[in-house]
Structure formats: structure tokens, C-alpha cells
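Every number here is computed from the coordinates shown, using simple stated rules; none is lab data. This one's a predicted model, so the numbers in the text were calculated from it and none came from an experiment. Cβ atoms come from the backbone with ideal geometry, glycine included; neighbour counts cover every protein chain shown.
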Amino acid sequence: MAIDYAQTAQEIVKYIGGDNNVISITHCATRLRFVLKDNKAVDKEELKRVKGVITVIEAGGPMQVVIGNHVSDAYKHVLKLIHIDENAPVSAPNVGIVSRVMDVISSIFTPFLYQLAACGILQGIISFLAAVGIMDANSGTYRILNFVSWTAFTFLPVMIAFTAAKKFNVNPFTAVITACALISPDYMNMVTAFKITSINSADPAMQQLMREAVSNPDIANILQNVVGIPVSAPTLDFLGIPVKYLSYTASVIPIILMVWAMSYIEHFFNKVLPVVIRNLFTPMFCIAIMVPMTLLVFGPVGNLIGGAIGGVYNYLYHLSPTIAGFVVGAFWQPLVTLGVHWGITPVTVGNYATLGYDTFTGLQASAVFAMTGSMFGVYLKTRSREMKGISLSAGVTGLFGITEPAIYGVALRLKKPFLCSCVAGGIGGAIAGSFNAVSWSYCLPGIAVLPVFFKEGHMPQFLGFLLSITVAFVLGALFTWLVGFKDEPDVAAIKNAQAEAPRTTQAEMN
């Protein structure tokens with residue numbers, strides 16, 4: 001029976017302490033995330049019983065209400081019931097730095113994750129069609145679909161600026177204009193401008209190398225000192241301070257830092273400027289200050305932070321891809337339960353921007369398929385008709401990359417299936433790592449996005465990936481069936497038995 005999410009929303013608002021207890025609300029792929037004035041005012045037990053709610057999580061930060069695939073429906077109705085005064089002097093609960101960072105990342109990325117993944121799927125599909133000869137890579141159709149598929153990544157800073165502005169309470173249009181300035185054609189022409197003093201190569205690969213040499217001193221040194229090709233770029237400065245040439249296409253951390261700093265700049269000018277000129281001059285000062293500040297400070301610092309985070313993971317991965325695969329495959333689902341899995345998103349997005357592929361997603365997929373397999377193991381093992389229905393539904397949903405209904409609706413309730421999926425995910429991840437499986441564009445791992453893991457000339461990696469998720473799925477189901485679990489009573493059968501009991505007694509009396 002279909003769930004009435006309008007009614008669900010009313011009960012959620014009631015049990016989280018009412019409208020007046022809500023500071024802000026966001027949602028991710030499966031969860032409503034409430035920042036509340038007082039988490040103790042929440043009746044978590046009643047909240048868990050609300051129809052449409054899978055579970056409730058409080059991990060030192062926002063109150064997370066897990067809904068599943070229909071989270072957007074619940075979110076839409078909850079918004080109608082709460083009234084948030086953004087100017088009210090209310091302080092958020094004191095939470096740890098990790099919880100705050102995870103909340104910021106999830107709030108910024110979740111609104112456009114599906115759109116980003118959709119572009120990744122389109123990239124994978126047209127690449128696969130070109131590789132098997134169905135589509136000509138030189139045709140207009142391919143070229144148009146190709147640049148369409150890259151649009152979300154090209155303008156990623158604009159989307160990040162918009163969602164970050166909402167998170168940091170900044171005028172979103174001011175933030176978007178500032179981000180657009182960093183990827184505008186005029187600035188990009190400055191970045192790609194270069195002067196070859198001894199050779200004018202017609203080789204596209206050499207031309208690309210020379211472009212990269214403009215903003216990468218290491219490549220420039222190799223070209224000049226090893227190959228003997230001097231490369232120089234026009235100098236650029238702001239008020240006499242030299243500006244480092246950096247490309248902000250697909251940039252993540254610099255944009256987040258920029259909008260965060262803008263929140264203070266905007267607040268300052270809104271406070272000191274007279275009302276009659278505030279609406280005009282506040283955005284002017286924000287744009288005029290933040291673009292140069294990003295070019296001089298936030299860009300280099302953000303790139304350094306992003307490069308360091310990605311560099312640590314990639315360094316550990318290259319030490320032993322097999323061990324890395326086991327760790328990611330085994331521990332991904334526990335990270336999801338804690339809500340800290342969003343911390344990896346900037347790393348994966350950064351890998352696509354800098355490397356053109358991502359290894360983490362290739363390993364993470366095994367955890368997804370292992371959890372899905374464990375759901376089918378539960379379906380085969382349980383004698384409860386109710387649990388059969390829940391596990392089958394969660395398993396089908398998991399095949400498309402959404403595992404939280406499986407985690408909270410079945411695996412954690414029965415406990416052993418969760419552990420079985422972790423072991424199976426680790427084995428599948430180790431196989432993926434040994435084959436160096438990667439995804440070539442951003443995606444949420446599932447059967448619908450398999451083309452994203454394929455690229456012409458990399459067939460062993462793709463076949464290794466398919467082997468890894470197959471093994472993870474089969475072992476998840478097999479381990480769950482063999483290990484077993486304490487089966488829950490069939491509530492429907494008990495109710496039917498109770499309903500029949502009086503009639504049987506009466507018949508016996510007669």
C-alpha cells in the first residue's frame with residue numbers, strides 16, 4: 001500500500017519536537033537531516049515507528065531520519081510544515097568538527113549528486129557505444145552528447161557555489177557570479193595562454209603537455225631541462241601580487257572556502273552599509289574582493305588541501321591495491337551507518353578532475369553488491385512473509401546503488417547479514433583492487449551505471465570489476481544463507497492466528 005508522505009511529514013515534525021525546534025533541514029539520497037535546537041526533544045522511538053521511516057540516526061550532529069528512495073517526497077511535505085527564520089539569533093548544537101565537516105559536505109553535494117551521476121552515466125554509455133562500433137566517435141551526434149555529458153563537471157564550481165551559499169547563508173546569485181568569474185572564457189584564456197620560444201609543435205599531445213606546463217612547474221622543468229623546450233606564460237598579478245595560474249573547472253575545495261569566507265564579507269557589508277545602497281554595493285564588494293582573494297589565497301590553499309587528501313589515498317592505494325580494495329569493500333557500509341561516508345566525495349570528484357578516473361568507486365561497488373546479495377540471502381532463508389517482502393524490496397533497491405533501506409531495514413535488525421556483507425564486500429573489493437578496477441566518471445555504483453566502468457583499451461580492468469561485484473553479490477547471499485540469523489516472527493501470521501483463535505475455541509465448545 002502506498003505511503004502518504006504528507007501524513008508521514010506531519011508525524012516526523014511532531015516527533016522531532018515541533019516546528020520551533022528546527023534550525024535547518026536538508027536531505028541526501030535517502031535521509032532527512034535536521035539541525036535542531038534541542039536533540040533531547042526528539043521522541044526517537046515514536047519517530048522510528050512512523051510509516052515511511054526506516055530508522056533514526058544521531059551521531060553527534062544532525063538528526064538523520066532515514067526514508068529511502070522517497071526522501072524527496074517526505075522533504076517536500078516537511079518543508080510545508082516548518083517555518084525557519086534565517087535571521088533568528090539561534091546557535092546550532094555544539095557538535096564535533098568531524099560531524100560539522102560531514103554535514104557541510106553532504107549539504108553541498110547531495111542536491112546535485114543524481115544530476116552529476118546522470119552525466120557520468122551518459123559518458124559511459126556513449127563511450128561504450130563508440131567502442132563497440134554502434135556510434136562513430138567522430139560523428140556530430142557523439143560530439144554533441146560528449147560535451148553535454150561533461151557539462152556538469154565543467155560547471156561543477158557553479159553548482160557548488162549555489163548549494164554552499166544556501167548552507168552558509170550567502171546570497172546564491174552573488175556566489176554563482178563569483179564562481180562563474182573563475183571559469184569565465186577570459187580567465188581560462190589566461191590559464192591556457194602559453195608561449196613556445198623554440199618550437200611550435202603540431203602534436204596534440206605535446207600541445208596539451210605545454211598547456212599543463214604553464215601551471216605545473218614540474219612539467220615545465222621537464223620540458224625545459226630534459227626535452228629542451230622552454231615554456232613561458234604571460235605574467236599575471238593583482239595589485240602587484242603575483243597570481244598563480246590554476247584551472248577552477250571541476251574545482252571543489254577552493255569554491256567551498258570562497259563561499260564560506262564570503263559569508264563573513266557579505267555579513268560585514270550588510271551591517272555597515274546604509275540600507276539605500278546595501279543591495280547594490282554589498283554584492284559588488286563581495287565579487288570584487290572574493291575573486292582576487294580566491295585567485296591569491298583560497299585557490300592555491302584549496303588545491304593544496306585537495307591534492308594532499310587525494311594524494312594520501314592514492315599513495316596508500318598504490319602501495320597495495322588489493323589491501324586497499326579489501327579495506328574499502330569491508331568498511332564502506334559501516335561508514336554509511338555513521339553518516340561519515342560523505343567525506344570521500346571531494347576525493348572522488350577531485351580524482352576525476354585530476355586523473356580522469358577514480359579508483360575508490362571501483363572498490364566501493366563491491367560493498368554495494370555484497371549488501372544487495374545479503375538481502376537475497378535473507379529472502380531465501382527467512383520464513384517470515386513480512387521479512388521476505390522487506391528484504392526483496394531492499395535488495396532490488398540495492399541493485400541500483402541505494403543500500404540504506406537494506407542496511408537499516410534488514411541487515412542491522414538481523415545483525416549477522418550485516419557482518420556477512422562486510423566480509424563479502426572485502427573479498428570483492430580485494431579482487432577489484434587486484435585488477436585495478438576504476439570508474440571513468442562520477443556515479444553511484446549499481447547495475448544501471450556499469451558502462452561508466454568501461455573504457456576502450458581497458459578491458460581487463462572492466463572484466464575484473466565485473467568479477468569483483470559478482471563475487472561480492474554471490475558471497476553476500478551465500479554467507480548470509482549459511483551463517484543464518486535469528487529469524488523475526490511473522491507479525492502478520494501471528495495476527496491471523498490470534499484472529500482465528502476465538503472461532504476455533506467456540507467450535508470446540510459446540
Once residue 7 and residue 51 are pulled to full extension, the length gained, defined as 0.36 nm per residue separation minus their Cα-Cα distance, is 15.0 nm
Total charge of the residues flanking residue 27 in space, meaning their Cβ is under 15 Å from its Cβ, with Lys and Arg +1 and Asp and Glu -1, is +3
With +1 at each Lys and Arg Cβ and -1 at each Asp and Glu Cβ, the charge dipole magnitude of the range 1-62 around its Cα centre, to the nearest 20 debye, comes out at 140
Along the dipole axis of the range 319-413 (charges at Cβ: +1 for Lys and Arg, -1 for Asp and Glu; origin at the Cα centre), the most positive-end residue among 335, 399, 387 is 387
A chain fully extended from residue 236 to residue 278 at 0.36 nm per residue, minus the present Cα-Cα distance, gains in nm 11.9 nm
Which of 37/80; 44/80; 40/166; 14/415; 40/388; 40/416 exceed 24 Å between C-alpha atoms? The answer is 40/166; 14/415; 40/388; 40/416
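What are the chymotrypsin sites (Phe, Trp or Tyr not before Pro) within the range 371-457 that DSSP puts in a loop, where the Cβ has at most 16 other Cβ atoms within 10 Å?
For chymotrypsin sites (Phe, Trp or Tyr not before Pro) across the range 371-457 that sit outside H, G, I, E and B with at most 16 neighbouring Cβ atoms in 10 Å, the list reads 400.
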Spelling it out for residue 27: with amide H atoms placed in the peptide plane at 1.01 Å from N, the residues 5 or more places away or on another chain with amide H under 5 Å from its amide H are 33
Counting only backbone N atoms under 11 Å from a point 7 Å out along Cα-to-Cβ of residue 267, the residues of the range 157-187 in range are 168-170
Other residues with Cβ under 15 Å from the Cβ of residue 149 give, with Lys and Arg +1 and Asp and Glu -1, a net charge of +2
